[in-house]
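Just below is one structure, and these are the notes that go with it.
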Amino acid sequence: MIKFSNINKEYQVGNQVVKALSQVNFEIEPHQLTVILGPSGSGKSTLLNILGGMDRPTKGDISFNDRQINKLNDHDLTSYRREVVGFVFQFYNLIPSLTALENVAIAAQLNNNDDLSENYLKSVGLEERMNNFPNQLSGGEMQRVSIARALAKKPKLLLCDEPTGALDSTTSMKILGILQNIANTTDTAVVMVTHNPEFERYGNRIIRLKDGEIESINDNEQPLLVGETG
Ligand SMILES: Nc1ncnc2c1ncn2[C@@H]1O[C@H](COP(=O)(O)OP(=O)(O)OP(=O)(O)O)[C@@H](O)[C@H]1O
Ligand SMILES: [Mg+2]
């Protein structure tokens with residue numbers, strides 16, 4: 001579905017060049033949870049931003065269903081970002097003056113999605129909290145609103161940058177379970193960046209980055225399901 005071929009990303013900072021990614025190759029498959037691990041500064045967010053069309057590689061090719069993403073002009077890249085990609089961030093990025101329901105509805109509208117926004121909130125178990133404002137919700141609840149908001153775009157690719165980075169371990173597992181369920185039951189591919197090495201056992205594919213390079217790629221034939229003990 002997604003193929004990264006020899007991706008390099010360099011940032012120019014003053015007269016210094018920072019190599020964020022070098023010669024990165026991997027594929028992302030639908031119906032899968034891909035987990036990206038690596039130390040701070042190893043290039044995880046850079047990789048996710050390039051996947052999501054928020055940034056462009058310095059060199060290399062990215063294809064989405066055989067479409068060359070790196071060759072798109074700005075207008076078409078915006079459409080890709082809007083129509084294909086859903087994003088979930090560590091600190092939720094909800095609009096504070098809108099209720100949970102309104103935060104989701106705005107994303108649905110942007111993509112002309114007539115599905116009821118309530119249903120997206122129900123799917124993450126938040127039917128009781130729909131009319132609350134973000135500051136009336138817990139961290140885990142806010143993250144569930146932000147997942148519902150991303151889903152309201154009907155993304156083919158759901159990109160999550162440390163979605164559990166600010167949450168306790170029980171709540172983190174709940175969020176992981178929701179993401180795993182999306183990957184297993186819909187045709188949305190889910191990619192999650194995390195610092196939590198425990199999540200490795202729950203992903204279908206594990207990509208490890210080190211100093212901007214791929215350290216390893218491993219496929220789990222039988223990933224652990226959240227809720228199962230192992
Ligand atoms: N916009 C930018 N301008 C210059 N350098 C950047 C920029 N974005 C990232 N970098 C550099 O690229 C490297 C990779 O950064 P990146 O944010 O991808 O790391 P990360 O793996 O997500 O780290 P963390 O776990 O801390 O979030 C770092 O050295 C960082 O300083
Ligand atoms: Mg990061």
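FYI, it's all coordinate maths here, none of it is from the lab. Keep in mind that this is a model prediction, so the values were computed, not measured. Every residue, glycine among them, receives a Cβ derived from its backbone with ideal geometry; neighbour counts consider all protein chains shown.
General observations
- Stokes-Einstein D in µm²/s, Kirkwood radius over Cα pairs - region 55-94 at 37 °C with 0.692 mPa s viscosity: 283
- Note on the chain: helix-only mean residue ellipticity at 222 nm, from DSSP H runs of 4+ residues weighted -39500 (n - 2.57) and normalised by residue number, equals -8500 deg cm²/dmol.
- Stretching residue 54 away from residue 31 to a fully extended chain increases their span by 6.0 nm, per 0.36 nm per residue minus the current alpha-carbon distance.
- For the chain, the ratio of Cα radius of gyration to the globular rule of thumb 2.2 N^0.38 Å stands at 1.00.
- The angle between the Cα long axis of helix 74-83 and the longest principal axis of the Cα atoms of the chain comes to about 40 degrees, rounded to the nearest 10.
- Set of region 23-37 residues, backbone N closer than 18 Å to the point 7 Å along the Cα-Cβ line of residue 5: 23-29
- Average projected area [Cα convex hull, region 78-141], square nanometres: 4.6
- Pairwise Cα separations in region 131-196 fall into 5 Å bins from 0 onward with the following percentages, short to long: 4, 17, 29, 26, 16, 8, 1.
- Protection proxy ranking, highest mean first, for peptides 73-79, 29-35: 29-35, 73-79, where packing is the per-residue count of other beta-carbon atoms within 10 Å, averaged.
- Cα-based radius of gyration of region 171-215 once divided by 2.2 N^0.38 Å, which approximates compact folds: 1.24
- Label point distance in nm, residue 118-residue 131, each placed 7 Å from Cα along Cα→Cβ: 1.2
- Under-5 Å amide H pairs with residue 88, H placed in peptide plane, nonlocal only: 159, 160, 161
- Basic side chains Lys and Arg get +1 at the Cβ, acidic Asp and Glu get -1 at the Cβ, and with that the dipole of the chain about its Cα centre reaches some 420 debye.
- Rounded if a/c under 1.5, otherwise prolate or oblate - region 1-57, Cα gyration tensor axes: prolate
- Rounded FRET efficiency, nearest 0.05, which uses the C-beta distance separating residue 184 from residue 79 and R0 of 35 Å: 0.80
- Label point distance in nm, residue 23-residue 217, each placed 7 Å from Cα along Cα→Cβ: 1.5
- Restricting attention to region 95-228, the count of lysine pairs at 8 or more positions apart or across chains with alpha carbons under 21 Å apart stands at 4.
- Modelled spin-label separation between residue 95 and residue 170, with each label point placed 7 Å from Cα along the Cα-to-Cβ direction: 3.4 nm.
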